[in-house]
1. Which net charge results for the neighbourhood of V72, defined as the other residues with beta-carbon distances under 12 angstrom from its beta-carbon, given Lys and Arg at +1 and Asp and Glu at -1?
2. Enumerate the calculated ³J(HN,Hα) couplings along the range 196-203 in order (Karplus 6.51 cos²θ - 1.76 cosθ + 1.60, θ = phi - 60°), each rounded to whole Hz, writing x wherever the residue is Gly or Pro.
3. Evaluate the Kirkwood expression for the hydrodynamic radius of the range 124-241, namely the inverse of the mean inverse distance over all pairs of different C-alpha atoms, and round to one decimal in Å.
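Read the figures in this text as sums done on the coordinates, not as results from a lab. It should be emphasised that the depicted structure is a prediction, and the values quoted were computed from it without experimental measurement. Every residue, glycine as well, gets a Cβ built from its backbone with ideal geometry; the counts of neighbours run over all protein chains shown.
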Amino acid sequence: MSLLVDIATSALEPGYAAAAARRSSAASTRPRALLVCGTVLAATLLVVIAAVQAHQRAPAASRNRERLLAQVQAHDATIAALQRRLDAARADTTRLQDAALASTAAGERLSARLGSEELAAGTVAVTGPGLRVTLDDDPQGRNRVLDRDLQGVVNALWAAGAEAIAVDGQRLTAESAIRQAGEAILVNFQPVTPPYDVQAIGDPVALETSFGASRSAATMRAYGQLYGLRFHYGRESALSLPAAPGLSLRYARSEVTEGSR
């Protein structure tokens, strides 16, 4: 009886049972494997399609970029030509104005006053002795001159008695701004690059003495020792500063109210 019970309860040998179990497991995992393969193939197909489309659109994008670049360059050339014409017209106006005012003593006094006002406003190019200050980034590229460093130097030069200042050829006026834009520094909304050349017209000895004793100069010397920033200044016998570009004139207007009519 025990043999019949064993045969009834274990109809298959252990080897046959294991083989049947493996076939059952393989049958259950086959759909999952097919699903994974299908997903990989679909993703690969999408990548290939995107690459083909990008390759097809690349020439058009390149042409658009070149066309925009050509337009920007043409506008820049037009602006530069207009600026040259404006500078020439200003020079002619100044020459005629000086000739007209020189005929009388009152005119000469007015001409001198206009000259000082134009110098302060930055509307005319100027030449003369002064001080040149140079700031540059760390040679290793780890530390950079910031907008506040240039601001401090410029303010110290004004305080030292500078009559006119330019940074990398950008003449500073009461409307000028020195500010950071990402990793670039803008002066008069124009990007400037290191080494930053700051030129100040004035009495060279007085400028050097006062600026050298300023807090800004001390700070830049400390930055040179701590962070590797390069800082140097020295007297110059002849500096040439351009007129400030794009100055806009503002006129006072009387405000008429209803009660005053």
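1. On the way: positive: R65, R67; negative: E66, D76.
Around V72, the charge tally is 0.
2. 7, 9, 9, 10, 10, 8, x, 5
3. Result for the range 124-241, one decimal place: 14.2 Å.
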